[in-house]
Amino acid sequence: MSGTPGFAAFASQRFLVVGGSSGIGLATARLAATHGAKVSVAGRNPDRAAEAAASIGADTEYAAFDMIDEAAVEVFFAERSPFDHIVVTAAAIRSAPVRELPLDTARATFASKFWGPYIVARFARLTDAGSLTLVSGAAARRPRAGRAPVAAASAAIEALTRVLAAEFAPVRVNCVAPGLVDTPMLRAARGANAPAPQVPMARAARPEEIAFQILACAANPYMTGSIVDVDGGLATTG
């Protein structure tokens, strides 16, 4: 990238979104495509990945793999040219109090939220001017009861971001930390009549608002090792 930073730099660049089948990932893939990027979406479910790709555009590629499957991730990248930008939004998470959440479920949540992005980073092939953007969550620094594996994994992702920024340079590595985001997963967890979040914005974020910040991290050629909160002002609350 050169000149004034902006999304126009994405034109014809190769953009991979792991977790691009729904929610924040799908919004990110769509926004990147809007700015001319050649987008690939990856997810665990091949039908959902194909449906997401079709909704973005006819030239959108898709792939299906589980990002905690080391061999599958290695093969995926080995068979492809380096990407200009990679975003990892995927995570299969479950929450409950420590004494109620089965240990296997807690381990699976941590594995999906932390080890999945770690494995993607390990095998990712990126151009020297490229970027890797991870997603943590407000729970990393504002943990709540019943969210132990998610909070721990989110904090670990933020530490990993700074380590990778040092190891991968000149490739840039950043992290976006959303608060509540209005996704099907959140609506299923909170129910239709859930009260508004107790933050200054008094609502959950739209996936497109998080996607915008993800692309901003990818577009800024002097940004690396940064953790960006997009939480509706949660940090200002007591």
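The table below lists the values:
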{"read-out": "Set Leu26, Leu16, Leu31: member being touching a residue at least 60 places away in the same chain (Cβ under 8 Å) and touching an Asp or Glu at 6+ places or on another chain (Cβ under 8 Å)", "value": "Leu31"}
{"read-out": "Residue match in the range 99-121 (condition: of a type in the set (D, E, K, R) and either crowded, with 18+ Cβ neighbours inside 10 Å or within 20 Å of Arg206 (Cα to Cα) (or both))", "value": "yes"}
{"read-out": "Scope the range 34-52; condition part of a helix (DSSP H, G or I) and crowded, with 19+ Cβ neighbours inside 10 Å; matching residues", "value": "Ala49, Ala52"}
{"read-out": "From Ser55, Ser81, residue being of a type in the set (Ser, Thr, Tyr) and either in a helix (DSSP H, G or I) or touching a helix residue (DSSP H, G or I) at 6+ places or on another chain (Cβ under 6 Å) (or both)", "value": "Ser55"}
{"read-out": "Among the residues listed as Arg99, Arg80, the single one being of a type in the set (D, E, K, R) and over 24 Å from Ala63 (Cβ atoms)", "value": "Arg99"}
{"read-out": "Answer from Ala205, Ala235, Ala216 - the residue that is closer than 25 Å to Arg14 by Cβ, touching a strand residue (DSSP E or B) at 6+ places or on another chain (Cβ under 9 Å) and not polar (S, T, N, Q)", "value": "Ala216"}
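Residues checked against (1) acidic (Asp, Glu); (2) at pLDDT below 95; (3) surrounded by fewer than 21 Cβ atoms within 10 Å (Cβ to Cβ):
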position	(1), (2), (3)
Ala165	no, no, yes
Thr183	no, yes, no
Gly191	no, yes, yes
Gln198	no, yes, yes
Ala204	no, yes, no
Ile210	no, no, no
Ala218	no, no, no
Asp231	yes, yes, no
Thr237	no, yes, yes
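The values are calculated or read from the model by the stated rules, or taken from the named source; none is laboratory data. This is a predicted model, so every value here is computed, not measured. So basically every Cβ, Gly included, is an ideal-geometry build from the backbone, and we count neighbours across all protein chains shown.
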